[in-house]
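Remarks on the structure that follows.
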Amino acid sequence: MINKLLLSFIGLFITSLLFSQTVNGVVLDAKSNQPIESVSIYFDNTTIGTTTDADGEFSIDYNESIKSLLIISHIGYFKSVIRDYSPSKKYKVLLEEDINILDEVIVTHDDGMPRKLKLSEFKKQFLGSSNNASSCKIINEEDIILRYFTEEKQLTASSRKPIRIRNKNLQYIISYDLRDFKIDYSYVNIEKKQLHPKMVLYTGTSRYEDLEKSHKNSVKKNRKKSYRGSSLHFLRALTANNLKQEGYSLLKDGKTVNVEDYFFITQNKRSKAFNITLKDDVGIWRDGKVSALECKVDKFLVDQFGNHSPIDKVIFSGYMGSQRLGDSVPLNYKLIED
């Protein structure tokens, strides 16, 4: 997830409303051509996933409206991605060994910032500072490599394995494969622990595991609260033409404006996806929380379930941009829970 304090997500899938098909394939070692067992196969940022069997084979349900990337990931190998799916094709995925990870030796040195402080800063920007974020526990903190660059006032993070987070409030385990993470600071006083971020950027892919199969009322309530007011909720309301019913108002220069004055929306009859043109940057108000939306391309795509692309060109700031992983729900949330 890239931001101006931005979190965006891709991918959404629902089996209860649409006819499902299946992606089939086999995962092999690119050098030996031998099958690889227990490879993670998942649609990015959803609870939908599986693993390969002893013969390296996998099957995973999907439907043609999916916009999420299909991720093929295994420790010690470079990640592979399938962007387009077809039930008529059996995919042969060759994973290249990542020698750098296997041979990597981490040399620790004093970069001027204690690891405890670096880890605290990482958690604050990666998980957030809400009640949900406070309920999160990173299971494998030891795999996170943190470096501070004094001259640039920059903190970076990487991980040898997917970062696993247990979210107690929302009852998810999230496996986050971190690709990039950095915080640029405008001011740093390490001795007084005063650090002022001016920019936060992180990207990666994620898989959610639902720990609350019975869906207790308290968990449902927490998930609903996180979902409502999120960028996913907003885009679903926008494309369903019910922003007002969902409690949203659009703002420009402190005044309420009409949706049609800022958004031009057309729908593809075949895919049911929406092409959206944002005519100018616009503010978003809901329940006392203010966000803003700007677009760096002429138009962007939102499928019928709220997934949008390109994610790095559609920028949410303010409340929506400040939401972090600790407040996130998978993109197949709500539709399947209802």
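The values are calculated or read from the model by the stated rules, or taken from the named source; none is laboratory data. All figures in this text were calculated on a predicted structure; none of them were measured in a lab. With ideal geometry, Cβ positions are generated from the backbone for all residues, glycine too; neighbour counts draw on all protein chains shown.
Only residues that are touching a residue at least 12 places away in the same chain (Cβ under 8 Å) and of a type in the set (S, T, N, Q) were counted in the range 189-215, giving 3. Applying the criterion of being charged (D, E, K, R) and surrounded by fewer than 18 Cβ atoms within 10 Å (Cβ to Cβ) to the residues of the range 226-249, the residue that is nearest to residue 173 (Cα to Cα) is 228. If only one of 143, 180, 210 is acidic (Asp, Glu) and closer than 17 Å to residue 324 by Cβ, which one is it? So the residue among 143, 180, 210 that is acidic (Asp, Glu) and closer than 17 Å to residue 324 by Cβ is 180. Look at (1) touching a residue at least 24 places away in the same chain (Cβ under 8 Å); (2) over 28 Å from residue 205 (Cβ atoms); (3) of a type in the set (D, E, K, R) and you find that residue 327 fails only one, number (2). Among residues that are touching a Ser or Thr at 6+ places or on another chain (Cβ under 9 Å), in contact (Cβ under 8 Å) with a residue 60 or more places away in the chain and either assigned by TED's automatic domain parsing to the domain that holds residue 82 or aromatic (Phe, Trp, Tyr) (or both), residue 172 is included. Are any of the residues in the range 206-225 closer than 26 Å to residue 117 by Cα and buried (at least 20 other Cβ atoms within 10 Å of the Cβ)? Checked the range 206-225: at least one residue is closer than 26 Å to residue 117 by Cα and buried (at least 20 other Cβ atoms within 10 Å of the Cβ). May I ask you to verify whether residue 52 is touching a Gly at 6+ places or on another chain (Cβ under 9 Å), of a type in the set (Ser, Thr, Tyr), in the same structural domain as residue 86 (by TED's automatic domain parsing) and modelled with pLDDT under 95? Spelling it out, it is not the case that residue 52 is touching a Gly at 6+ places or on another chain (Cβ under 9 Å), of a type in the set (Ser, Thr, Tyr), in the same structural domain as residue 86 (by TED's automatic domain parsing) and modelled with pLDDT under 95. Of the residues making up the range 296-308, just one is within 18 Å of residue 319 (Cβ to Cβ) and either among the basic types (Lys, Arg) or part of a strand (DSSP E or B) (or both), namely 308. Filtered by the rule that a residue be aromatic (Phe, Trp, Tyr) and exposed (fewer than 14 other Cβ atoms within 10 Å of the Cβ), the range 161-201 gives a lone residue, 187.
Scanning the range 287-307 for residues that are more than 14 Å from residue 266 (Cα to Cα) and modelled with pLDDT under 90 turns up 305, 306, 307. If you go through the range 225-266 and keep only what is assigned to a strand (DSSP E or B) and either within 16 Å of residue 289 (Cβ to Cβ) or over 25 Å from the mean Cα position of the chain (by Cα) (or both), you end up with 248, 249, 250, 251, 252, 255, 256, 257, 264, 266.
For the residues 216, 224, the requirement of being basic (Lys, Arg) and over 20 Å from residue 322 (Cα atoms) singles out 216. All of 291, 328, 317 fail the test of being over 18 Å from residue 62 (Cα atoms), of a type in the set (Ser, Thr, Tyr) and not assigned by TED's automatic domain parsing to the domain that holds residue 273, apart from 328. If the condition is being farther than 30 Å from residue 166 by Cβ and either assigned to a strand (DSSP E or B) or of a type in the set (Gly, Ala, Ser) (or both), then the range 268-287 contributes 271, 273, 274, 275, 276, 277, 278, 282, 283, 284, 285. Listed by position, the helices (runs of 4 or more DSSP H) enclosed by the range 97-176 that each have at least 3 residues that are modelled with pLDDT under 95 are 99-103. Can you confirm whether residue 186 is among the hydroxyl-bearing types (Ser, Thr, Tyr), touching a residue at least 12 places away in the same chain (Cβ under 8 Å) and within 30 Å of residue 50 (Cα to Cα)? For residue 186, the condition - among the hydroxyl-bearing types (Ser, Thr, Tyr), touching a residue at least 12 places away in the same chain (Cβ under 8 Å) and within 30 Å of residue 50 (Cα to Cα) - is not met. When you look at residue 218, is it of a type outside the set (D, E, K, R) and in contact (Cβ under 8 Å) with a residue 24 or more places away in the chain, yes or no? In short, no.
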